[in-house]
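Starting off with a structure, shown below.
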Amino acid sequence: MSDAPLSSEPADTLVPVTVLTGFLGAGKTTLLNHILTAEHGRKYAVVINEFGELGVDNDLVVDADEEVFEMNNGCICCTVRGDLIRILGSLMKRRNKFDGIIIETTGLADPAPVAQTFFADEDVRSKTRLDAVVTVVDALNFLQTLKESPEAYQQIAFADVIILNKTDLVDDAQLKAVEDAIRKINAFAPIHKAQKGNVKLTDVMDVGGFDLQRTLSTVPDFLENTHHHHEEDVNSISLTIKTPLDAGRFQMWISALLQEKGADILRTKGILNFEGQPDRFAFQAVHMMADGNSIGPWREGEAKESRLVFIGRNLNRPQLRRGFESCAVS
Amino acid sequence: MSIPSTLRGLIEKRGASHTVEGHITACAASRDNLRFAFTTAEGDVIVAHRADLTEPASWATYAVHDGAALALAPDTDPGGFLTGGDDGRLCRLDRHGEIEELSKTRRWVEHVATHVDAKAAYIASASGKQVELRDGRGETVLKTLEHPSSVTGIVFDSKGKRIAASHYNGASVWFTQPKSESVRPLEWKGSHTGIAIHPGGEALITSMQDNDLHGWRLSDGHNIRMSGYPSKVKSMSFSRTGKWLATSGADVVVMWPFFGGGPMGKPPVELPGMGGALCTRVACNPEQDMLAAGFADGSVILIEPETQRVLPVCLHSGSAVSALAYSPDGCLLGFGTEDGMIGLVDLSAG
């Protein structure tokens with residue numbers, strides 16, 4: 001799935017789906033129960049895995065099987081969750097029973113197949129939207145987990161929102177070290193500190209992780225000039241262009257790039273200013289699977305510029321910058 | 001509601017429609033051709049008796065499942081139905097409207113199939129990776145068939161000798177006969193999402209996640225590929241003689257030839273469509289060379305493949321046709337839509 005279909009589904013009619021990831025013991029289920037029992041007047045359908053740590057207190061709970069399979073499109077990283085396609089399809093027949101869907105993944109799960117399911121399956125795509133990948137991080141054990149498990153890198157890299165949980169169990173120095181470690185991998189996702197999963201719901205639900213406005217408008221500048229990490233580590237790169245982009249050129253470039261480097265590029269997100277288009281265009285990709293849609297006009301006082309963020313391994317900054325710049329109208 | 005006040009087509013003179021709450025998940029006739037059932041995502045089963053065909057007010061509604069009713073099959077008994085649901089229950093709704101729970105599991109019961117002939121009667125239900133094969137009463141589990149991943153479809157062959165299940169990376173064929181434990185695995189990489197078997201047992205066909213069909217010639221396991229669809233194929237139906245496989249998934253009805261060496265290397269025949277709306281359901285008439293097709297705009301039409309003549313049953317009812325079935329005698333056609341419209345038409349002469 002190398003081409004990036006630049007569609008424009010009306011985003012507001014789609015059911016928002018929140019994906020909860022995090023290592024075993026990080027506090028996913030506690031956070032989930034916190035979300036479900038909070039006074040928000042909203043109903044959620046919850047998809048859990050059968051190895052859940054705690055019970056989930058909700059009317060509509062579905063067991064998932066984590067059945068990952070490869071799409072037959074010749075692309076090895078194009079894995080999706082078949083069980084989710086079935087479950088979401090059935091849930092959408094009862095659309096009136098809930099306002100949103102929450103999917104809890106197992107601790108060791110790679111979030112890529114879950115996220116790719118929202119790109120790869122036409123039925124899932126036409127009825128739901130991935131609101132955000134929320135990753136719960138255990139402040140006490142995270143640095144150790146990171147040393148031992150490559151999956152932890154993936155979970156941080158894929159996060160749109162990070163909940164730094166159990167902050168009461170560590171001192172300020174360790175908290176700082178954990179935050180730094182997270183930032184090295186994913187420089188963009190907002191980090192919310194919590195104890196026993198007590199986060200503000202507005203930080204987790206309906207954040208529109210792909211309405212990247214907030215995320216991308218707070219891209220820290222230090223990223224632009226540091227290079228202290230090893231190449232094989234997961235890290236983030238942000239690029240900005242002030243000149244409007246040529247939509248056709250951008251599509252050609254990003255398609256070719258993701259086709260070639262999609263195994264290393266875990267996430268790509270952007271808010272783009274296409275020439276001749278009054279609306280902002282939100283672009284997102286998981287590995288090689290890409291999607292995008294118009295997200296309304298530029299806001300008052302907002303700089304009409306294009307921002308693109310990559311999270312992945314072996315990111316070649318000068319090359320990416322040159323490529324992105326070649327998409328500008330000449 | 002976008003449903004027009006009058007529906008145009010055969011349904012005006014020869015049938016009736018009714019709107020209920022919930023997405024229609026399936027429809028089927030009883031073996032005695034006297035009743036037609038519709039299942040909903042609200043867990044209800046609506047049963048229409050042939051005698052009340054044009055009086056929807058007298059169609060009965062039964063609250064069978066807590067959560068969606070996902071699967072429906074005619075019961076082994078001539079007048080009843082079997083349903084499976086989100087609540088993990090396999091239920092019987094008999095001719096008197098009594099509901100009997102045949103089993104309860106933790107997983108959704110997503111597929112139910114039955115077979116009846118002079119020698120044997122079977123009930124099969126799929127839940128997660130397991131298929132349970134029961135006797136005709138449904139009280140005794142004859143076999144529990146384990147699969148490597150979740151089962152996405154089950155089908156008996158026309159003689160009831162074998163049952164096949166689709167799943168990831170292929171399909172599995174089992175003998176129903178109690179003494180045989182062996183399975184014949186048919187492998188093909190990818191996610192297989194539905195299954196159909198040739199009436200003469202010549203081929204087993206699966207629909208795939210990747211907008212195409214896969215098949216195996218059962219005599220030698222030879223692979224058959226049928227591709228070119230713009231979307232997933234969600235409905236397949238073999239013609240009564242087995243000459244054609246009709247499928248949904250395009251803006252026309254796509255038919256693959258299963259004669260003269262099978263569909264390998266041949267283009268499919270395209271029957272008329274509804275002017276661009278995606279075909280969502282197909283059903284071949286079990287007694288005549290006719291087929292019914294349902295579309296995303298809510299239209300249902302009858303097509304005579306030989307002449308390509310089209311007879312509208314119901315035009316542009318609004319939401320996509322999600323269920324479509326003939327009665328075994330080919331005289332009743334039932335359909336349902338995502339918005340909860342159900343329709344029933346009497347096609348018998350006179």
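How would you rank B:R95, B:R162, going from fewest to most other Cβ atoms within 10 Å of each one's own Cβ?
B:R95, B:R162
While we're on this one: Considering the convex hull of the alpha carbon atoms of the protein assembly as shown, report its projected area averaged over all viewing directions, in nm², one decimal.
Averaged projected hull area, Cα only: 32.3 nm².
What are the principal axis extents of the Cα atoms in segment B:247-346, in Å, biggest first?
41, 31, 20
Within a 10 angstrom radius of the beta carbon, how do B:S319, B:S180 rank from fewest other beta carbons to most?
Details: B:S319 19, B:S180 12.
Listed from fewest to most nearby Cβ atoms, that is B:S180, B:S319.
Something else now. Would you give the gap between the C-alpha center of segment A:293-322 and the C-alpha center of segment A:58-122, rounded to a whole Å?
Between the Cα centres of segment A:293-322 and segment A:58-122 lies a distance of 28 Å.
Compute the Cα gyration tensor for chain B, then decide on rounded, prolate or oblate, letting a ≥ b ≥ c be the square roots of its eigenvalues: rounded whenever a/c is under 1.5, prolate when a/b is larger than b/c in the other cases, and oblate in all that remain.
It is oblate, given that a/c is not under 1.5 and a/b is not larger than b/c.
OK, next. Using the 10 angstrom Cβ neighbour count as an exposure proxy, how do B:V300, B:V131 rank, fewest first?
B:V131, B:V300
Related question: With respect to the cross-link table entries A:K93/B:K129; A:K166/A:K269; A:K184/B:K189, which display a Cα-Cα separation exceeding 27 Å? Display every interim value, and only then the final one.
Numbers: A:K93/B:K129 22 Å; A:K166/A:K269 29 Å; A:K184/B:K189 38 Å.
Flagged as over cut-off: A:K166/A:K269; A:K184/B:K189.
Only sites in a loop by DSSP and with at most 12 other Cβ atoms within 10 Å count here; which trypsin sites (Lys or Arg not before Pro) in segment A:236-294 make the cut?
Here the trypsin sites (Lys or Arg not before Pro) that fit, given the DSSP loop and packing criteria, are A:K242.
Hey, another quick one. Mind jotting down the distance between the C-alpha centroids of segment B:122-141 and segment B:1-63, whole Å?
Between the Cα centre of segment B:1-63 and that of segment B:122-141, the gap is 27 Å.
Something else: Quick test of the membrane-span-like rule: which DSSP H helices of chain A reach at least 27 Å along their long axis (C-alpha atoms) with mean Kyte hydropathy at least 1.6?
none
Please label the shape of segment B:1-75 as rounded, prolate or oblate, based on the square roots a ≥ b ≥ c of the eigenvalues of the alpha-carbon gyration tensor (a/c under 1.5 means rounded; beyond that, a/b larger than b/c means prolate, else oblate).
Oblate.
Sequence gap at least 6, Cα distance under 8 Å: using those rules, report the relative contact order of chain B to the nearest whole percent.
It comes to 15 percent, rounded to a whole number.
So, one more: When the gyration tensor of chain A is built from Cα positions, what are the square roots of 5 times its three eigenvalues, in whole Å, from largest to smallest?
Working: eigenvalues 174, 115, 72 Å².
The three semi-axes for chain A are 29, 24, 19 Å.
Return a whole-number percent for the relative contact order of segment A:231-296, with Cα pairs under 8 Å and 6 or more residues apart as the contact set. If you can, show how the numbers build up before the last one.
Details: 78 pairs, mean separation 16.6, N = 66.
The normalised contact order for segment A:231-296 reaches 25 percent.
Per the helix-only calculation at 222 nm, which mean residue ellipticity applies to the protein assembly as shown, given -39500 (n - 2.57) for every DSSP H run of n ≥ 4 and division by its residues, nearest 500 deg cm²/dmol? The partial results should precede the final answer.
Numbers: 12 runs with 104 residues, N = 680.
It lands at -4000 deg cm²/dmol.
Would you work out which of B:G84, B:Y326, B:V155 lies farthest towards the positive end of the dipole of chain B, given +1 charges on the beta-carbon of Lys and Arg and -1 on that of Asp and Glu, about the Cα centre?
The one lying farthest along the dipole's positive direction is B:V155.
Any read-out appearing in this document is the output of simple, stated calculations on the displayed coordinates, not a laboratory observation. From a predicted model like this one, the values you see are computed outputs, not experimental measurements. Backbone-built Cβ (ideal geometry, glycine too); neighbour counts: all protein chains shown.
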